[in-house]
Number of protein chains: 2
Amino acid sequence: MSIEMLPVHGIGEITRGADLAGMIGSAVELCDRDIVVVTQKVVSKAEGAMVRIDATDPLSHKPVVEAESVRILRRRGDLVISETKHGFVCANAGIDLSNVESGWAALLPEDPDRSARRIRDGLRGRFDVRVGVIVSDTFGRPWRRGVVDVAIGCAGLVPVLDLRGSTDAYGRTLQVTEVALVDELAAAAELVMGKATGVPAAVIRGGDPSWFLGDDDRGGVVADVVRHPSDDLFR
Amino acid sequence: MSIEMLPVHGIGEITRGADLAGMIGSAVELCDRDIVVVTQKVVSKAEGAMVRIDATDPLSHKPVVEAESVRILRRRGDLVISETKHGFVCANAGIDLSNVESGWAALLPEDPDRSARRIRDGLRGRFDVRVGVIVSDTFGRPWRRGVVDVAIGCAGLVPVLDLRGSTDAYGRTLQVTEVALVDELAAAAELVMGKATGVPAAVIRGGDPSWFLGDDDRGGVVADVVRHPSDDLFR
C-alpha cells in the first residue's frame, strides 16, 4: 500500500457563499476513497466567518481573539493561547490574518465538522464516490518548535483509530491504542500545500479502507479528537 | 508536485549491532531526494538501547521511566509525562514495551540525530544518492486525543522550515513563519507503517528540494525542534 498526496491547483479565489465542493470538484477528478483536505482559511471565507479589522493597526484583531476565546491558558506579550468554543487550544483563538484581504480577519468556522460534511456531500453528489473530507488548520504545540497542520473538522473518516485489542508483532497487546488519524492526514497534506503558495486543498489517495465511514457519520474532530477536560493533564 | 509514501517491507528482525542502513538498503531501491523514516524501536534495538525488565510485573519498567526522566511534568495513576535528557516531553520518558521481546523495554536512542546521520551515511554510501533520514516516535499531545508520530532525530533535512520574509497570496508577510517539517514528515510516514503491522520504515518520495541540506548537516531535532524552556509557555 502506498499513499499519495496531490495538491489541488486552480481552485480560484473564494468569496462568501462560494460552492467549495463545486470548485474543488472542478479542479480535480476524485476517485473512490480519496481524502480531500481543505484549509480552514477557504472554508471560513466561503462561510463568511470573517470580521472587519483596522488594517492600519497591527493589534486590531486582539479584541476579536478575546471574544472568540472561552478561556485563556497563557499570555506572553501579544501572544494569547486560548481555548475556543469548539474546545481547540491554539494561538489567538485560531484567528488568522494570512491569505485574507487586508482589513479582514478570518475566524474559525462555526462548526468545522459540519463544514466538512457539507463539502463531502457536495463531492459525493458530483462524483458518486465515497470520499473523506478534512478541514485543516495550522497549530503550534507546547515543547516543540514550529507549527503543524491538524484537523479541525472531518467527515466520512474515523477521526481516531482505535487499536484496542490489537497485538504487536510479538503478540503483545499494544500499549498505544488510539492514533489521531485525521491529524496525521492533515499534517501529510500540508507537505504539498505550503503556507505561501496559496494552494488551499490537497487530495490524499490510497488510504486504508478501514479509515472510511459509511454514510451515517459518527462523531468528528470536536467530539472525538478534542480531549475532555477531565482527561487532560494540561488544562 | 505530488508526494508519495511507501512502506518498506522485508527488513527482518533487528538485533543489537544490526546494520540498519544495509537492511533498509536491501529492502528498497532509493532515489535521489528520498526521505527514509525509521521508527525509534528498530533504531533502539540496533543500538542496544534496551533494558531487562520483569515480564511478569506490568509495572517493572516504571523505575526505568524515573531513571530516564530529567523532570516529571505530570503524574496520573501509572502514567508519567516527563522530560527526557534530550528535551523531549512525552509519556513514560519514551520507554516502550510494544514490538519488543517479552522481558525487555526499549529506551530512546542516546542521540537520535546521530542515529539518523549514521543511517543516512550508510544509505548514501550504498546508493550514491542524497537522502534525508528521520527517526520517528509516537507521542501523545495535550488537549487532543490520540497519538501522532513525530521526529526525534533527523539528518540531511531542514528540521524546521523558516518562512520569515515570505508573503502570502495577498503580499502580506506570513504570521506563521516556522513549519515543523520533520514532524509533518514523520506523521505522514506513520500512515503507511501502522502500529500493529511491524513495518518499521517508510520512504517519502517527491519532497521539495528546499527541504534537503548539503553534506555538512546543521542542527537536528534536539537542536532545532525541541523548544527552549525560556521560549516555552507550558513547561
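The values are calculated or read from the model by the stated rules, or taken from the named source; none is laboratory data. Keep in mind the model is a prediction, meaning the values are calculated, not measured. For neighbour counting, all protein chains shown are included, and Cβ atoms are generated from backbone atoms with ideal geometry for every residue, glycine included. Please note that ligands, DNA and RNA were not included when accessible areas were found on the heavy atoms of the full protein model with its side chains. Shrake-Rupley method; radii C 1.70, N 1.55, O 1.52, S 1.80 Å.
What number goes with the only condition from (1) in contact with a Lys or Arg (Cβ under 7 Å, 6 or more places away or on another chain); (2) surrounded by 20 or more Cβ atoms within 10 Å (Cβ to Cβ); (3) facing chain B (nearest Cβ under 8 Å) that A:Gly156 does not pass?
That leaves (3) as the condition not met.
Which residues, counting only those in segment A:113-136, are surrounded by fewer than 24 Cβ atoms within 10 Å (Cβ to Cβ) and under 28 Å from A:Val80 (Cβ atoms)?
Correct list: A:Arg114 only.
Every residue, every condition in (1) facing another protein chain (nearest Cβ under 7 Å); (2) open to solvent by 10 Å² or more (accessible area, probe 1.4 Å); (3) within 24 Å of B:Ala91 (Cα to Cα), yes or no:
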site	(1), (2), (3)
B:Leu161	no, yes, no
B:Gly171	no, yes, no
B:Val182	no, no, yes
B:Lys195	yes, yes, yes
B:Pro200	no, yes, yes
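Quick one: count up the residues across segment A:3-24 that are open to solvent by less than 50 Å² (accessible area, probe 1.4 Å) and modelled with pLDDT under 95.
Number satisfying all stated conditions: 2.
Might you check whether a residue that is away from chain B (no Cβ under 12 Å), in contact with an Asp or Glu (Cβ under 8 Å, 6 or more places away or on another chain), surrounded by fewer than 20 Cβ atoms within 10 Å (Cβ to Cβ) and not basic (Lys, Arg) occurs anywhere in segment A:56-67? Don't jump to the end; show me each part of the working.
Initial filter on segment A:56-67 (away from chain B (no Cβ under 12 Å)): A:56-57, A:59-60, A:62-67.
Checking the rest, the ones that are also in contact with an Asp or Glu (Cβ under 8 Å, 6 or more places away or on another chain) come to A:59-60, A:62.
Keeping just the survivors that are surrounded by fewer than 20 Cβ atoms within 10 Å (Cβ to Cβ) gives A:59-60, A:62.
Subsequent filtering for residues that are not basic (Lys, Arg) retains A:59-60.
Yes, segment A:56-67 contains at least one residue that is away from chain B (no Cβ under 12 Å), in contact with an Asp or Glu (Cβ under 8 Å, 6 or more places away or on another chain), surrounded by fewer than 20 Cβ atoms within 10 Å (Cβ to Cβ) and not basic (Lys, Arg).
Can you pull out the residues in segment B:202-235 that are hydrophobic (A, V, I, L, M, F, W, C) and open to solvent by 10 Å² or more (accessible area, probe 1.4 Å)? Walk me through it before giving the result.
Step one: of segment B:202-235, the residues hydrophobic (A, V, I, L, M, F, W, C) are B:202-204, B:211-213, B:221-223, B:225-226, B:233-234.
Listed by number, the residues that qualify are B:Trp211, B:Phe212, B:Leu213, B:Val222, B:Ala223, B:Val226, B:Leu233, B:Phe234.
Quick check: anything in segment A:52-65 more than 20 Å from the chain's Cα centre (by Cα), assigned to a strand (DSSP E or B) and over 30 Å from B:Gly206 (Cβ atoms)? Step through it out loud before you land on a result.
Filtering segment A:52-65 for residues more than 20 Å from the chain's Cα centre (by Cα) gives A:52-64.
Next cut, assigned to a strand (DSSP E or B) only: A:52.
Remaining after also requiring over 30 Å from B:Gly206 (Cβ atoms): A:52.
Within segment A:52-65, one or more residues are more than 20 Å from the chain's Cα centre (by Cα), assigned to a strand (DSSP E or B) and over 30 Å from B:Gly206 (Cβ atoms).
If I filter segment A:25-36 for residues that are under 27 Å from A:Ala202 (Cβ atoms) and not assigned by TED's automatic domain parsing to the domain that holds A:Pro209, do I get at least one hit?
No, there is no match, as no residue in segment A:25-36 is under 27 Å from A:Ala202 (Cβ atoms) and not assigned by TED's automatic domain parsing to the domain that holds A:Pro209.
Condition first: part of a strand (DSSP E or B), within 11 Å of another protein chain (Cβ to nearest Cβ) and aliphatic (A, V, I, L, M). Can you find one or more residues in segment A:93-104 that meet it?
No, segment A:93-104 contains no residue that is part of a strand (DSSP E or B), within 11 Å of another protein chain (Cβ to nearest Cβ) and aliphatic (A, V, I, L, M).
Going by the conditions given, is B:Val70 surrounded by fewer than 21 Cβ atoms within 10 Å (Cβ to Cβ), farther than 19 Å from B:Gly122 by Cβ, at pLDDT 95 or above and of a type in the set (A, V, I, L, M)?
Criteria met by B:Val70.
Kindly establish whether A:Ala21 is in contact with a Gly (Cβ under 6 Å, 6 or more places away or on another chain), within 17 Å of A:Asp113 (Cα to Cα) and either outside any loop (DSSP other than H, G, I, E, B) or not assigned by TED's automatic domain parsing to the domain that holds A:Gly140 (or both). So that I can check it myself, show each step before the final result.
Details: in contact with a Gly (Cβ under 6 Å, 6 or more places away or on another chain): yes; within 17 Å of A:Asp113 (Cα to Cα): yes; either outside any loop (DSSP other than H, G, I, E, B) or not assigned by TED's automatic domain parsing to the domain that holds A:Gly140 (or both): yes.
Criteria met by A:Ala21.
When you scan segment A:25-42, how many residues do you find that are aliphatic (A, V, I, L, M), surrounded by 18 or more Cβ atoms within 10 Å (Cβ to Cβ) and out of contact with any Lys or Arg (no Cβ under 9 Å at 6 or more places or on another chain)? Please lay out each step first, then the result.
So the first thing to find is which residues in segment A:25-42 are aliphatic (A, V, I, L, M), and the list is A:27-28, A:30, A:35-38, A:42.
With the extra rule that they be surrounded by 18 or more Cβ atoms within 10 Å (Cβ to Cβ), the set shrinks to A:28, A:30, A:35-38, A:42.
Right, trim to out of contact with any Lys or Arg (no Cβ under 9 Å at 6 or more places or on another chain) and you get A:28, A:37-38, A:42.
Matching residues across segment A:25-42 total 4.
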